[in-house]
Amino acid sequence: MTTHAWTTTLRAAAAAVVVAGGLTLAAPGSAHATRADCESGANGFVDIAEYQEGAEHGRLYLHEGANLPGTLTLNVANIQGKQRGFAKLVAGQPGDEFWMDWTTNYRNGTASSWVQCGPFIAPDSHPHTTAAKETSTQDSWRFRACGSSVNSDRVVCTDWW
């Protein structure tokens, strides 16, 4: 196949994905979603207060041993009368990125695709949250919090919950 033929094929495939998708699903290890996929009520997410508290289901540090460690947590709380999951970054450094992944196809310890709510960029060290998504009793529905330090390209994620 010529370069032009490959380019045409790839463009057609990309267009089909864009036309078919309502939610942007990210392949493992990639980030294709935007904040618009989960803000202002998009796709069933709800915006929440930056100081929202919840039961913690995972914790990571973006800056191990630093004065501002960038504590990233996965949380669950009763929000607007429903149990919802969200990611929260506290004491991060300006420029740190964080997000929450949500999947409906978790099986055998892994997810083959997910919606990425974010990334959100911390403007300061105050608490910041992602939008929140309703949880489910279905075992295939899972959440995790992910982030990266402004000083590193390394991405860390909590376990799926």
* **Probe 1.4 Å, protein heavy atoms only - accessible area per residue of segment 63-161 in square angstrom** => 44 Å²
* Förster radius 22 Å - calculated FRET efficiency between residue 40 and residue 77, Cβ distance, rounded to 0.05 -> 0.70
* For residue 57, distant residues with modelled amide H under 5 Å away -> 74, 75, 76
* Which ³J(HN,Hα) values in Hz, rounded to whole numbers, follow from the phi angles of segment 94-104 under the Karplus curve 6.51 cos²θ - 1.76 cosθ + 1.60, where θ = phi - 60° and Gly and Pro get x? -> x, x, 4, 10, 8, 7, 10, 9, 10, 10, 10
* **Cα→Cβ-extended label distance, 7 Å offset, between residue 105 and residue 121, nm** => 3.1 nm
* Of all accessible surface on segment 43-161 at a 1.4 Å probe, what whole percent is carbon and sulfur? -> 45 percent
* Whole-Hz couplings from phi, Karplus 6.51/-1.76/1.60, listed for segment 139-147; x for Gly and Pro -> 5, 7, 8, 9, 10, 8, 9, 9, x
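The values are calculated or read from the model by the stated rules, or taken from the named source; none is laboratory data. Here the structure is a predicted model, which means the values were calculated and not measured. All Cβ positions, glycine included, derive from the backbone under ideal geometry; neighbour counts span all protein chains shown. For accessibility, only protein heavy atoms count, side chains too; no ligands or nucleic acids. Shrake-Rupley method; radii C 1.70, N 1.55, O 1.52, S 1.80 Å.
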